[in-house]
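Okay, so here's the structure we're looking at.
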Amino acid sequence: MNAKLTLGPVLFNWKPDRWRDFYYRIADEADVDTVYVGEAVCSKRAPFYAPHMVDVIERLQGAGKEVIVSTLALIMNGREMNELRDTAGDADLMVEANDVSACALLAGRPHAIGPYVNIYNEGTLKYFTERGATRVCLPVELNRTALAALAADTTAELEVQVFGRLPLAISARCYHARAHMLHKDNCQFVCEQDPDGLEVDTLDHEPFLAVNGVQTMSYSYQNLSAELAELQNLGIHHFRLSPHTVDMVAVAEVYRHILDRALTSDEADEKLTALMGDVAFSNGYFHGAKGVDFV
Amino acid sequence: MSKVLELVCPAGTPASLHAAVENGADAVYLGFRDETNARNFPGLNFSRNELEQGLDFAHAQDCQVFLAVNTFPETGNPGPWRKAVDDAAALGVDCVILADIGLLDYAATHHPALRRHLSVQASASNPDSINFYVDAFDVKRVVLPRVLSVPEIKTLNAHINVETEVFVFGGLCVMAEGRCQLSSYATGQSPNINGVCSPASHVRYEDEGDRMVSKLGDFTINAFAPNEAAGYPTLCKGRFVADGKASYLFEEPTSLNAASMLPELSAAGVTALKIEGRQRGRAYVAQVVAAFRRAADAVAAGETPPALGLEAITEGQAKTSGAYDKTWR
């Protein structure tokens, strides 16, 4: 099977014009096969870019990309529930479920499942594929042994995040608001100040995590460029790039060149470092180590 | 007189089970001594034999026994989790508390008569998710994630047809349970897979003379003055620096105490109250269970819950109502 590059949903609160222009450029220039669009983190953000949604999807589809609509990871009130039901009820869309409620709503027709649904073993994966899941982006903490076992035992296309800050936790509480002495209900959308997340350091000034509204992410950027060949041997063929403010067209090109064996992983790391400056990479989960480690 | 809220109490050891039963628990919850439950700490939990004895003791006093099998089975190794469910059925526990969909499917298929509760680790926070678990696996009760306010719980109960259980006291997860990888990011040990969060095996305290530093893995989680008590470095209760300011960014080292909210929780349609603390000793369990027994009985009699007198045993001497109060967010 040919390897596919995918672009995960924008997880940060980007201004609507930036959000639209990002996807337009992806449509025009990025060598990715699939693009996920839609709000996975905070339902308060979606209304701002919603007016651009139809145009963005059309542009991406017009450019030959497969488009999948991502949905919210934590659904807690009637408004969020109704919005999810609307999205799931649109038979023309391919939808990615990020909560079990969405899996239930999408059952019986082909759909995708995202990394926020706990699929840790063959039994759970089989349960969902029997009900229509055709693409599953697996939880970030699974190691190579787990990925291999799942890939050996499924008809679904499996996907793994290979680039970008790792989504580590989701909460009812907004830590961006809390960092600014605000409450979630009156957050003033302060998360838009940090388009790659708000850096969280230890008391010893060591970078550790990144806050993205109600989501907590790794400070480090997942970088599985050196593991792409092994992932394919294990039976994983979809590789997710999670969007950041770095030039994602260039990032996609790096990963494409590794897949095409036009770059070694060392050359890829050099190129990524040149693009991103002084960032930390991690790949520990894949190797069964701490998630933060870069083995 | 309104209905009596059921008290579901922690039993990390046989001694704690006795303490909970003797002080008025309606049910105790416990786990086997392995990675199949979310409190897989050294020195805790039950062997099969201990569970059998615990069942005899609890049932003789009309107290139910719930078995938590609430981690997510490892790939390629469903055996320990399935055996935990099989043994629960064979030994006659009153219900199993499950989170993994594959395991729920196994339990519903192989042991349809064994009552199933949905663990908080499943993070079922909305009617469509809860109704899915009810329809697919016939779960009889859902332990609600600690992310909902009391009005949200009331609305939720109006849209589902299943019992709900809520946490009222003890350690507080500030993230949606079962959906947090912070501990495995720092230590490699995962609550979902290994049943441990911020494990003691990865904790260090370093005396630097002018301060005592607590670490989890390689990361400093907090620092204390020499005469200050150094708290346990649970990751989300640490102090961190964001925007140049050091603070308890995620949560202060507080305990949940929703005792004053029992009348509202009862009015919101909740069936059962859960006390956290399987890692706690028998004296703690006895004191907390006795206090909540008085409170639950008072609420059932239409009285205001009495002061519980538990301030001295709450972590950091501070308490919070958590997400039950919407301003917590």
_Residues losing 30 Å² or more accessible surface upon assembly, region A:118-153, compared with the chain by itself, 1.4 Å_ = A:Asn118, A:Tyr120, A:Asn121, A:Glu122, A:Thr124, A:Tyr127, A:Glu141
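Tell me, what is the per residue accessible area of chain B in Å², probe radius 1.4 Å? Show your work: numbers first, answer last.
On the way: 11570 Å² over 329 residues.
Accessible surface, normalised per residue, equals 35 Å².
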*So which aspartates and glutamates pass the test for B:Lys326, namely a Cα distance under 13 Å, with those fewer than 8 places away in the same chain ruled out?*
A:Asp185, B:Glu152
*Return the carbon/sulfur percentage of the accessible area of the protein assembly as shown, one whole number, probe 1.4 Å, all protein chains in place.*
49 percent
*asked:* Can you tell me which lysines have their Cα less than 19 Å from the Cα of B:Lys274? Leave out same-chain residues fewer than eight positions away.
replied: B:Lys3, B:Lys140, B:Lys154, B:Lys319
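Averaged over its residues, how many other protein chain Cβ atoms are within 10 Å of peptide A:100-107's Cβ atoms?
On the way: counts 12, 9, 4, 4, 8, 3, 0, 2.
Mean partner-chain Cβ count within 10 Å for A:100-107: 5.
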*asked:* Which residues belonging to region A:181-196 lose at least 20 Å² of 1.4 Å-probe accessible area when the assembly is complete, relative to their chain isolated?
replied: A:His183, A:Lys184, A:Asp185
*Whichever lysines have a C-alpha closer than 18 Å to that of B:Lys245, once near sequence neighbours (fewer than 8 apart) are set aside*: B:Lys237
_GNM flexibility winner over chain A from A:Leu228, A:Leu147, A:Leu275 (Cα, springs under 10 Å)_ = A:Leu275
*Kindly work out what percent of the DSSP beta bridges joining two residues of chain B are antiparallel, to the nearest 5.*
35 percent
*Count the DSSP beta bridges whose two residues both fall in chain A, then state the antiparallel fraction as a percent rounded to the nearest 5.*
35 percent
*asked:* For chain A, what does the relative contact order come out to in percent, with C-alpha contacts under 8 Å and a separation of six or more?
replied: 20 percent
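Computed over the Cα atoms of chain A, what is the ratio Rg over Rh, Rh following Kirkwood?
Numbers: Rg = 18.1 Å, Rh = 19.3 Å.
When Rh is taken as the Kirkwood radius, the ratio is 0.94.
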_Sequence of A:Tyr285, A:Tyr24, B:Tyr232 from largest to smallest accessible area, 1.4 Å probe_ = B:Tyr232, A:Tyr24, A:Tyr285
*Express the accessible area of chain A per residue in Å², computed with a 1.4 Å probe while the remaining protein chains stay in the model.*
36 Å²
*Check each residue of region A:56-88 and keep those whose accessible area, probe 1.4 Å, is at least 20 Å² smaller with all protein chains in place than in the chain alone; give them in order of residue number.*
A:Leu74, A:Ile75, A:Met76, A:Met81, A:Arg85
*In order through region B:84-100: 3J(HN,Hα) via Karplus (6.51 cos²θ - 1.76 cosθ + 1.60), integer Hz, x for Gly, Pro*: 4, 5, 4, 5, 4, 5, 5, 7, x, 5, 7, 6, 10, 9, 10, 10, 7
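With +1 on each Lys and Arg Cβ and -1 on each Asp and Glu Cβ, how big is the dipole of the protein assembly as shown about its Cα centre, in debye rounded to the nearest 20? Kindly include the intermediate steps, with their values, before the conclusion.
Numbers: 53 positive and 80 negative charges, 250 e Å.
In debye, rounded to 20, the protein assembly as shown gives about 1200.
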*Any idea how far the Cα center of region B:72-143 sits from the one of region A:21-80, in Å?*
35 Å
*Give A:Lys65/A:Lys271; A:Lys4/A:Lys290; A:Lys44/A:Lys184; A:Lys4/A:Lys65 a once-over and call out the pairs whose C-alpha atoms are over 19 Å from each other.*
A:Lys65/A:Lys271; A:Lys4/A:Lys290
*Would you kindly state how much longer the chain becomes between A:Gln188 and A:Glu29 on full extension, computed as 0.36 nm times their sequence separation minus their alpha carbon distance, in nm to one decimal?*
53.8 nm
*asked:* Using Cα-Cα distances under 8 Å and only pairs 6 or more residues apart, what relative contact order does region B:234-312 have, in percent?
replied: 23 percent
*Mind grabbing the interface size between A and B? I mean buried accessible area, both sides, 1.4 Å probe, in Å² to the nearest hundred.*
5300 Å²
*Using only protein heavy atoms and a 1.4 Å probe, report how much of B:His110 is accessible, in Å² to the nearest 10.*
110 Å²
*Bin all alpha-carbon pair distances of the protein assembly as shown at 10 Å intervals from 0 and give each bin's fraction as a whole percent.*
3, 17, 28, 28, 17, 7, 1, 0
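The values are calculated or read from the model by the stated rules, or taken from the named source; none is laboratory data. Just so you know, these numbers come straight off a predicted model, no measurement behind them. Virtual Cβ from ideal backbone geometry, glycine too; neighbours counted across all protein chains shown. The accessibility values were calculated without ligands, DNA or RNA, using every heavy atom of the protein model including side chains. Shrake-Rupley method; radii C 1.70, N 1.55, O 1.52, S 1.80 Å.
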